[in-house]
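First the structure, in the form of structure tokens, and then the observations on it.
The values are calculated or read from the model by the stated rules, or taken from the named source; none is laboratory data. A quick note: this is a predicted structure, and the numbers were derived from the prediction, not measured. FYI the Cβ positions are ideal-geometry reconstructions off the backbone, even for glycines, and counts take in every protein chain you see.
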């Protein structure tokens with residue numbers, strides 16, 4: 001054992017760390033998507049393949065062997081969208097996203113949330129982080145629009161055909177509206193919380209997204225993250241929370257918010 005450790009090169013350590021990071025990134029990308037179920041299905045087929053070999057089920061062994069011999073090509077075909085998204089995200093650097101643009105998006109979103117709150121219009125706004133939300137995007141209407149408080153407000157008006165679903169913001173754009181989110185199955189959630197709040201908690205239990213909820217009944221604005229809901233935030237508290245989540249520390253400044261709001 002000691003001999004193996006002494007023969008360990010720095011290249012081996014770096015190699016292990018890179019592979020571990022790649023696996024971690026892949027897990028983040030597929031978490032909360034159908035890709036997880038597909039990978040489980042492929043793993044089950046592999047287990048059956050080896051079991052068929054041991055039990056000498058020749059026909060089943062041959063059939064699964066023929067299928068698995070093209071496994072690499074099958075994975076590329078099945079997961080082509082996920083692979084494309086993964087390559088896009090790997091190609092980004094931590095500084096490729098403009099903090100000024102993010103500041104603008106957060107400001108517009110906060111403006112919309114409190115405009116909706118004043119008029120007692122219910123809303124559900126999801127902001128993607130590292131975990132992909134592709135499965136939820138597919139349940140709504142694709143938009144790919146610039147974020148503005150006017151557009152966000154109009155999407156949740158009662159005469160809008162998309163007002164019942166969630167708006168999802170991806171890469172500083174409104175990616176889709178009218179999206180359906182999973183409801184939390186947590187039995188300890190207060191029974192006084194409505195469907196919007198339960199959906200906000202549900203999607204943050206499955207992903208690392210951040211969700212802003214506006215209550216139609218009370219006008220309260222709440223924030224969901226990591227399966228927890230912070231109720232009844234005032235405007236400054238919500239801005240501060242979003243700052244800490246999405247902006248580098250050097251951009252977390254009340255002066256920047258003031259400058260943006262005065263534009």
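Remarks
- When restricted to residues that are under 11 Å from residue 110 (Cα atoms) and outside any helix (DSSP H, G or I), region 234-250 contains 1.
- Residue match in region 231-253 (condition: over 20 Å from residue 102 (Cα atoms), surrounded by 14 or more Cβ atoms within 10 Å (Cβ to Cβ) and either more than 17 Å from the chain's Cα centre (by Cα) or at pLDDT 95 or above (or both)): yes
- For region 100-218, the strands (runs of 3 or more DSSP E) that sit wholly inside it and include 1 or more residues that are in the same structural domain as residue 241 (by TED's automatic domain parsing), surrounded by 15 or more Cβ atoms within 10 Å (Cβ to Cβ) and in contact (Cβ under 8 Å) with a residue 60 or more places away in the chain are 123-127, 166-170, 210-214.
- Scanning region 177-203 for residues that are in contact with a strand residue (DSSP E or B) (Cβ under 8 Å, 6 or more places away or on another chain) and closer than 19 Å to residue 121 by Cα yields a count of 10.
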